[in-house]
1. Inside the stretch 56-74, can you point out the residues that are over 13 Å from the mean Cα position of the chain (by Cα), at pLDDT 85 or above and not aliphatic (A, V, I, L, M)?
2. Test GLU76 against the stated conditions and say whether it is surrounded by 10 or more Cβ atoms within 10 Å (Cβ to Cβ), of a type outside the set (Lys, Arg) and in a helix (DSSP H, G or I).
3. What is the number of the single condition among (1) in contact with a Ser or Thr (Cβ under 9 Å, 6 or more places away or on another chain); (2) modelled with pLDDT of 85 or more that ARG85 does not meet?
4. Report yes if ILE93 is modelled with pLDDT under 85, touching a strand residue (DSSP E or B) at 6+ places or on another chain (Cβ under 6 Å) and not in a loop (DSSP other than H, G, I, E, B), otherwise no.
5. If I ask for residues that are assigned to a loop (DSSP other than H, G, I, E, B) and surrounded by 10 or more Cβ atoms within 10 Å (Cβ to Cβ), which ones from the stretch 56-73 would you list?
Amino acid sequence: MLPFDHHCTVAIISSLDVYCIQPKYIGSLLKAAEQRKKDMERRIEKTVQKEREAEKGLFDDKEAFVTDAYRRKMDEIRQQEERDRKQEEMEGISTFLLGSDSTPV
């Protein structure tokens, strides 16, 4: 069986090689979809966190269980937020240095 990527729309098979042809913008669409998915997860986690803070005094006598998977997910969310914040700062600096039209001088 030939290797075939599920993102390929057309595979061209020559005598020795298999070429994958993707639509022009599929890569950016897939990245944008992945980013939207991560943003949605962050929004949900923030909502859950606010609900927990609102219920803070109700369940103080109960044990709290946190799984390793949840800790990893929360660490990943924090790291992504930090990367986003740094990227926004860099974009702000580049806009300041290049001017408002963002064209190099």
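The values are calculated or read from the model by the stated rules, or taken from the named source; none is laboratory data. The model shown is predicted, which means the values in this text are computed figures rather than measured ones. Cβ: placed from backbone, ideal geometry, glycine included. Neighbour counts: every protein chain shown.
1. THR67, ASP68, TYR70, ARG71, ARG72
2. Values: surrounded by 10 or more Cβ atoms within 10 Å (Cβ to Cβ): yes; of a type outside the set (Lys, Arg): yes; in a helix (DSSP H, G or I): yes.
In short, yes.
3. Here ARG85 meets the rest and fails (1).
4. Numbers: modelled with pLDDT under 85: yes; touching a strand residue (DSSP E or B) at 6+ places or on another chain (Cβ under 6 Å): no; not in a loop (DSSP other than H, G, I, E, B): yes.
Taking the combined requirement at face value, the residue does not satisfy it.
5. Correct list: PHE59 only.
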